[in-house]
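Each remark here refers to the structure printed beneath this line.
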Amino acid sequence: MNTWQQAAELAGAVLLFTGAAVCLTGVIGMLRLPDVLTRSAASTNPQTLGILVLLAGVALRLRSGPDLGTLALVAFFQLLTSAVAAHMVARAAYRTGQTGDCALLYDELRDGR
C-alpha cells in the first residue's frame, strides 16, 4: 500500500467518525429538545450533514466506480427527501395544534388555518 492509499484510508476513517459524531448530536437533540419544530430541525440538519460526511468517508475507503455512483445517488436522495420530510412533519404538527403558540414568534398561517 502506497502513501496515497494510506492517506485516503486515514482520511476516510476520520470522516466516518466525524459523520457518526454529527449524527449522534442530531439524535441527542431529538431526545432533549422540547417541541416538534425544534426536534424537526434537530433531526434534519445534523443528520443530513452527518450522512454526507459518512458517505464521503465511505467513498474514500471504497474508491471504485460503481460504489461511488451508488454513494452519489444516496447523497442526492438524502438531500432531496430530508427537507421535504421535515417540512411535512412540521406542517402536520402545526395543523393538528401540536406546536403550541409559544414556539412561534410570528404566525403567518393563523388566519388561514
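General observations
- Converting phi to 3J(HN,Hα) with the Karplus coefficients 6.51, -1.76 and 1.60 and the offset θ = phi - 60°, segment 14-28 yields 5, 5, 4, 5, 5, x, 5, 5, 5, 4, 5, 5, x, 5, 5 Hz in sequence order, with x at every glycine or proline.
- Here the contact order of segment 3-95, divided by its residue count and restricted to Cα pairs under 8 Å and six or more residues apart, works out to 34 percent.
- Considering all different alpha carbon pairs of segment 19-61, the Kirkwood hydrodynamic radius works out to 10.4 Å.
- Taking θ as phi - 60° and the Karplus parameters 6.51, -1.76 and 1.60, the scalar couplings of segment 36-51 work out to 5, 5, 6, 5, 4, 5, 5, 7, 8, 5, x, 5, 5, 5, x, 5 Hz in sequence order, x denoting glycine and proline.
- P(r) tail for segment 20-113: Cα pairs beyond 17 Å make up 59% of the total.
- Assuming charge only on the beta carbon of Lys and Arg (+1) and of Asp and Glu (-1), the dipole of segment 3-95 about its Cα centre is about 260 debye to the nearest 20.
Rule-based calculations on the coordinates, nothing more; no lab input. Remember, predicted model here, so these are calculated numbers, not experimental data. Methodologically, a virtual Cβ is constructed for each residue, glycine included, from the backbone with ideal geometry; neighbour enumeration extends over all protein chains shown.
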